[in-house]
Amino acid sequence: MADKPTDGGTRPEESSAPSERHAQERHGSAGDAHDPPPVEDDDQEARWVGDEHDPPLVADDDRQVRWAGDEHDPPSGEGADQQVPQPGDERDRWSGEQRAEGSENAEVAWPGPSLKPRLRRFRRFRLSAWIALVLAAAVVGVSVLWGSGPPTEAELWEQAGLSNNRTKNTNGTNNKIRIGVKGDTPYIAERKRGGGFEGFDIEIARMIAADLGYLPKEIEFLSIETEDRARMQGRNDDLMQGKNAEGKSVRADLVVASFSVTPDRQANPAVGFSKPYFFTEQSVVTMEAGTKLPKKITDLKQLRDSRVCTLGTSTSESALFNATGGRESGTDITGMNSLKDCVEGLKKGDFDAVTTDAALLAGFVKDSAKKGPAERLIHHDLGLEKTEMWAVNAGSNAALRTLVDLSLYRSYADPRDRRWEEAYDKYILPLDDGSGGYQGSVARAEQPCMLPPPVRRWPWERTLSVLGC
């Protein structure tokens, strides 16, 4: 019979047992926030069960509390009456396999199924799926932008008709590119006595042809007249053998012949100018002795009432006519296809002056410096603000014109590409030394600024920086 407490309640018979008080003092109060609620069995003893992190407790004969199982073992309803299995004589509760003897790792000791590896695999799969979706979206976006942009360099080659340049013809020879050039202008484009051409324009033509994939032996230079530059009709002097060959013309793929850019020429559908590759200006040449003209000419108007030769259908001819008024003012203007013919007429006394681009006349002036006073020429700088811009004519082949621009752009923007500078130093710089009565500037000593043409590139392809355009 339980003793009745003073407060009217009933005191359990075993409540004052020393063993329970000792257990409570050692394991803490049942109301602890970190401990699970106790479960009472037939012996009125509290055991911990249900903790999601801890396995169920079991009691042995000495009433000492021990942990059974690991964090992956589910609680057992009869675990309170079971003792902890000893190493070597207990089988896995899930698989029935013998537990590894002497194992200190819980997952090795109890190799049953675990939720953590499954969760990790699921998370890795989900992350991989997201990465795959992002990559797929990026590929689709790049493909859309790539397909909607300007043509690639390879596509331009095909559109320009250059895709088969490296293939062999039936006779075993490579295809060639035909380039129309002048052949009568010293230091710019001159045909040598032994055959072949040399000069600044020739070097620019070779540079462009090389970038188009042609070897030097695959370039066919055609002599072209001034009036034929827009029509792109030239002739191959090396093939002019026999009576039947004379007078035949050949269509040029490109024209690199001191061809100045003008609005009227740009409006011509047969003319397709590249970006400029050279800057010069108009000037005048007279004889050093035996001339009625002033010793220093600074304006085209000073050529009134005189005989002047220039290149026909050139920018110089129109500028001369506008400045002097032509025959109505007493000025006799003669336009010729060959500048060499103008200079020879000047030396003979047929003309009083010759006017055209300074770079074209400077070579004749330099060559005359070694001769006597009766044959020496004087180069007059007019100081005109207008700049003559030479460009390559690619005709109606727009893709070829873009490839020419790409070659000029690389030459300008790539500091390692010195081909333009080398051509200038070899052929133009010697004309600017002031010898032979030279006055003024011949040409600008730098390649005209070039922005990249509309050619599609991958994002990782090298892009050359351009400043100051």
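The values are calculated or read from the model by the stated rules, or taken from the named source; none is laboratory data. Remember, it's a predicted structure, so these values are computed and weren't measured experimentally. All Cβ positions, even for glycine, are placed from backbone atoms using ideal geometry, and neighbour counts span all protein chains on display. When the accessible area is computed, the model is the full protein with side chains, heavy atoms only, and any ligands, DNA or RNA have been set aside. Shrake-Rupley method; radii C 1.70, N 1.55, O 1.52, S 1.80 Å.
Annotations for the structure displayed:
- Filtered residue count, the stretch 367-395, keeping only those that are part of a helix (DSSP H, G or I) and surrounded by fewer than 18 Cβ atoms within 10 Å (Cβ to Cβ): 1
- Selection within the stretch 396-435: residues that are free of Cβ contacts under 8 Å to residues at least 40 places away in the same chain and under 12 Å from residue 204 (Cα atoms). The member of this set that is surrounded by the most Cβ atoms within 10 Å (Cβ to Cβ) is 421.
- Any hit, the stretch 312-329, residues being surrounded by fewer than 24 Cβ atoms within 10 Å (Cβ to Cβ), touching a helix residue (DSSP H, G or I) at 6+ places or on another chain (Cβ under 6 Å), assigned to a strand (DSSP E or B) and among the aliphatic types (A, V, I, L, M): no
Per-residue answers, yes or no, for (1) touching a strand residue (DSSP E or B) at 6+ places or on another chain (Cβ under 9 Å); (2) of a type in the set (S, T, N, Q); (3) assigned to a strand (DSSP E or B):
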| site | (1), (2), (3) |
| --- | --- |
| 195 | no, no, no |
| 202 | yes, no, no |
| 205 | yes, no, no |
| 208 | yes, no, no |
| 217 | yes, no, no |
| 220 | yes, no, yes |
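- Check on residue 364, part of a helix (DSSP H, G or I), of a type in the set (Phe, Trp, Tyr), open to solvent by less than 60 Å² (accessible area, probe 1.4 Å) and farther than 29 Å from residue 266 by Cα: yes
- Within the stretch 251-290, tally of residues that are within 27 Å of residue 377 (Cβ to Cβ) and open to solvent by 50 Å² or more (accessible area, probe 1.4 Å): 3
- Scanning the stretch 291-302 for residues that are surrounded by fewer than 22 Cβ atoms within 10 Å (Cβ to Cβ) and not in a loop (DSSP other than H, G, I, E, B) gives 301, 302.
- Residues of the stretch 246-278 satisfying the condition of being touching a Gly at 6+ places or on another chain (Cβ under 9 Å) and modelled with pLDDT under 90: 249, 250
- Whichever residue in the stretch 140-156 is under 27 Å from residue 175 (Cα atoms) and open to solvent by 60 Å² or more (accessible area, probe 1.4 Å) and, among such residues, is modelled with the lowest pLDDT: 154
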